[in-house]
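Beneath this line is the structure, given in structure tokens, with notes to follow.
The values are calculated or read from the model by the stated rules, or taken from the named source; none is laboratory data. This is a predicted model, so every value here is computed, not measured. So basically every Cβ, Gly included, is an ideal-geometry build from the backbone, and we count neighbours across all protein chains shown. With ligands, DNA and RNA removed, areas are computed over all heavy atoms of the protein, side chains included. Shrake-Rupley method; radii C 1.70, N 1.55, O 1.52, S 1.80 Å.
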Amino acid sequence: MLEWQEPAIVLETAAYGEGDALVSVLTAQGLWRGLAKGGAARSKAGMWQPGNMLSARWVARTAEQLGTLTGEMVHPAAALAMGERDSLAVLNAACALAAGALAEREAAAAVFAGLSRVLAGIDIAGVPLPELVRWEVLLLRELGFGLDFSTQAGGNDRLAYVSPRTGRAVSLSQAGEWVDRLFPLPEFMLGEGEASLADCLAGLRITGHFFTRDVFGARHRPLPTARQRLYELIADRLAEGE
């Protein structure tokens, strides 16, 4: 008998058979799938909503088996996000990215901790979107496609752009005639200042480019629909002058 019990974040849930649910969760030891018996029933469906943070237990006879999942609610992030359009879009985008990008049963302690921070503040105004962008940078790095913000800039020079080819930060003086081909780099992604809505959109554009090309494109798959919808939502809000 194999088993573990630890904090987990629900990433995906799908109906399975009559009344059960096939669930993907993220823990510090990675992405795991399991059968939640009765998980599609009205009395239990709320617990297995994507974004919820649980105390989960997974049990199987052998390592090759799907295993069964049970859990107790720790933080009902899905319900907390329901009242705010942006928060729900952030939650759905983050869960879809993690479910689609991570390999099963490979340790992911930093990714889990980062996503936990996003979800812990999901109902706090102004918190979820910047935290998501920071987490996406972390996720790319953990997947081996790290953005490099280590370039030094001195004097009046500063890091202001990201190369879409290499992912390296570029300073004002280095940009030169290539400026139109670079992504503007918001200061909050360097740990400086507050993040405006426009800054968050710029950050989503940067990370979305590398997810599309290096993570999902390498698998001949599109960027998850939920992540695309988040970008479009924020772009529409800016266009409307919010």
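Scoring V111 on the criteria (1) within 21 Å of A202 (Cα to Cα); (2) in a helix (DSSP H, G or I); (3) of a type in the set (V, I, T) leaves a single failure, condition (1). Pairing residues of the stretch 4-26 that are touching a residue at least 24 places away in the same chain (Cβ under 8 Å) with residues that are of a type in the set (D, E, K, R), at Cβ distances under 6 Å and at least 6 apart in sequence or on separate chains, gives Q5/R57; S24/E12; S24/R33. Taking the conditions (1) within 20 Å of S87 (Cα to Cα); (2) in contact with an Asp or Glu (Cβ under 9 Å, 6 or more places away or on another chain); (3) free of Cβ contacts under 8 Å to residues at least 12 places away in the same chain in turn, V127 satisfies each one other than (2). Kindly check whether there is at least one residue in the stretch 166-176 that is among the hydrophobic types (A, V, I, L, M, F, W, C), surrounded by 18 or more Cβ atoms within 10 Å (Cβ to Cβ), at negative phi and modelled with pLDDT under 95. Yes, that holds for at least one residue.
If I filter the stretch 52-95 down to residues being among the polar types (S, T, N, Q) and part of a helix (DSSP H, G or I), which single residue comes out as nearest to V137 (Cα to Cα)? For the stretch 52-95, the residue satisfying everything is N92. Scan the stretch 144-155 and tell me whether some residue there is closer than 24 Å to L197 by Cα and touching a Lys or Arg at 6+ places or on another chain (Cβ under 6 Å). Yes - at least one qualifying residue is present in the stretch 144-155. Candidates are the residues of the stretch 201-220 that are within 14 Å of A101 (Cβ to Cβ) and aliphatic (A, V, I, L, M); the one that is surrounded by the fewest Cβ atoms within 10 Å (Cβ to Cβ) is A218. Across the stretch 126-149, not a single residue is classified as modelled with pLDDT under 95, over 22 Å from the mean Cα position of the chain (by Cα) and closer than 16 Å to A202 by Cβ.
Hey, does the stretch 221-230 have a residue that's open to solvent by 30 Å² or more (accessible area, probe 1.4 Å), over 26 Å from L88 (Cβ atoms) and of a type in the set (K, R)?
No, the stretch 221-230 contains no residue that is open to solvent by 30 Å² or more (accessible area, probe 1.4 Å), over 26 Å from L88 (Cβ atoms) and of a type in the set (K, R).
Restricted to the stretch 29-61, and to residues that are of a type in the set (S, T, N, Q) and within 23 Å of L88 (Cα to Cα), which residue is surrounded by the most Cβ atoms within 10 Å (Cβ to Cβ)? Checked the stretch 29-61; the qualifying residue surrounded by the most Cβ atoms within 10 Å (Cβ to Cβ) is N52.
Can you tell me which residue is farthest from L197 (Cα to Cα) among those in the stretch 211-242 that are part of a helix (DSSP H, G or I) and among the basic types (K, R)? Among residues in the stretch 211-242 that are part of a helix (DSSP H, G or I) and among the basic types (K, R), the one farthest from L197 (Cα to Cα) is R219. Within the bounds of the stretch 11-22, is there any residue that is touching a Ser or Thr at 6+ places or on another chain (Cβ under 8 Å), within 23 Å of L139 (Cβ to Cβ), part of a strand (DSSP E or B) and open to solvent by less than 40 Å² (accessible area, probe 1.4 Å)? The answer is yes; a qualifying residue exists. Among the numbered conditions (1) closer than 17 Å to P7 by Cβ; (2) more than 9 Å from the chain's Cα centre (by Cα); (3) of a type outside the set (A, V, I, L, M), the only one that E104 does not meet is (1).
Sort out which residues of the stretch 180-200 are open to solvent by less than 30 Å² (accessible area, probe 1.4 Å) and part of a helix (DSSP H, G or I), and write them in order of number. Matches in the stretch 180-200: F188, M189, C200.
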